[in-house]
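Below is one structure, written out as structure tokens; the observations come after it.
Coordinate-derived values only; no laboratory data. Because the structure is a prediction, the values reported are computed rather than measured. Glycine also receives a Cβ, built like all others from the backbone with ideal geometry; neighbour counts cover every protein chain displayed.
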Amino acid sequence: MNTRTLVVGDVHGCARELQKLLGNVQPTRVILVGDLFTKGPDPVGVWNLIQQYQMEAVMGNHDAWLLKIVAGEVEPRPKHKRIVEQLNLRAPGWDRWLQHLPLFLDLEHFTVVHAGLHPTGELAQTTPEMALLMRHWPCDNLNAPHWHEVYQGSKGVIFGHDARRGLVYVRRDGKPHLIGLDTGCVYGKKLTGYLLERDELFQVSAAQVYQAI
């Protein structure tokens with residue numbers, strides 16, 4: 001069987017749309033860019049699909065926050081408390097799996113990260129805050145360019161975390177180089193996946209608006 005690697009943007013609990021995307025693409029390997037369970041309607045359904053397809057993922061900022069709640073490091077909001085309770089009751093092992101997620105996943109031509117990399121592309125210069133939260137460069141300047149607009153690394157990057165910016169697809173030297181996959185499914189927009197071997201984007205529309213952006 002030919003390998004079909006599908007990298008999927010921020011799922012945010014949208015299990016129905018994830019199931020449809022997987023059915024459309026029929027991947028043999030699935031990688032999620034983080035932010036897996038919060039905001040959307042069905043975190044347990046997302047966990048079931050993760051197990052069914054033996055998915056891989058990188059850590060998102062919402063995933064890291066859930067782990068802090070589990071560890072008792074932060075006081076959860078009621079909505080986050082409900083998500084943790086649902087997962088603890090119906091998705092045994094979810095937190096142990098989440099704890100082992102890396103910040104970066106190395107593919108042949110791409111690095112997968114939730115938010116962004118240091119503009120040099122050097123992982124050693126990319127802090128956890130950059131990997132989980134960065135949208136602009138410099139990081140603390142919301143009026144600055146998006147980090148991927150000043151990115152000079154030689155290796156391509158696949159990322160999420162920026163539903164307001166939406167789909168990013170940039171080629172360099174005739175090859176795909178920067179691919180941003182957060183297209184706001186949980187906000188009633190689309191769930192997007194990138195099929196690595198064919199350089200092809202797939203999208204499914206959200207069934208409804210689950211949360212206002």
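Figures for the structure shown
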quantity	calculated
Fluctuation leader among Val186, Val70, Val44 - the chain, Gaussian network, Cα springs under 10 angstrom	Val70
Listed residues His146, Leu98, Pro78: farthest to the positive end of the dipole of the chain (Cβ charges)	Pro78
Unit charges on C-beta of K, R, D, E only; dipole of the chain, Debye	580
Rg followed by Dmax, in Å, when the chain is reduced to its Cα trace	16.3, 49
Euclidean distance between Cα centres, the stretch 166-184 to the stretch 116-157, Å	15
R0 of 35 Å, Cβ-Cβ distance Glu197-Gln99: FRET efficiency to nearest 0.05	0.70
Potential extension, Glu129-Ala71 segment - 0.36 nm per residue separation minus Cα distance	19.0 nm
Whichever aspartates and glutamates have a C-alpha closer than 20 Å to that of Lys190, once near sequence neighbours (fewer than 8 apart) are set aside	Asp10, Glu17, Asp35, Asp42, Asp162, Asp182, Asp199, Glu200
Options Asn24, Thr38, Leu133, ranked by Cα towards positive dipole end of the chain, top entry (Cβ charges)	Asn24
Viscosity 1.002 mPa s, 20 °C: Kirkwood-radius Stokes-Einstein D of the stretch 106-150 over Cα pairs, µm²/s	201
Cα gyration tensor shape of the stretch 10-64, rounded if a/c is under 1.5, else prolate or oblate by comparing a/b with b/c	oblate
Proxy reagent accessibility, fewest Cβ within 10 Å first, across Glu17, Glu108	Glu108, Glu17
The chain - mean residue ellipticity at 222 nm from DSSP helices (-39,500 (n - 2.57) per run, n ≥ 4, rounded to 500)	-7500 deg cm²/dmol
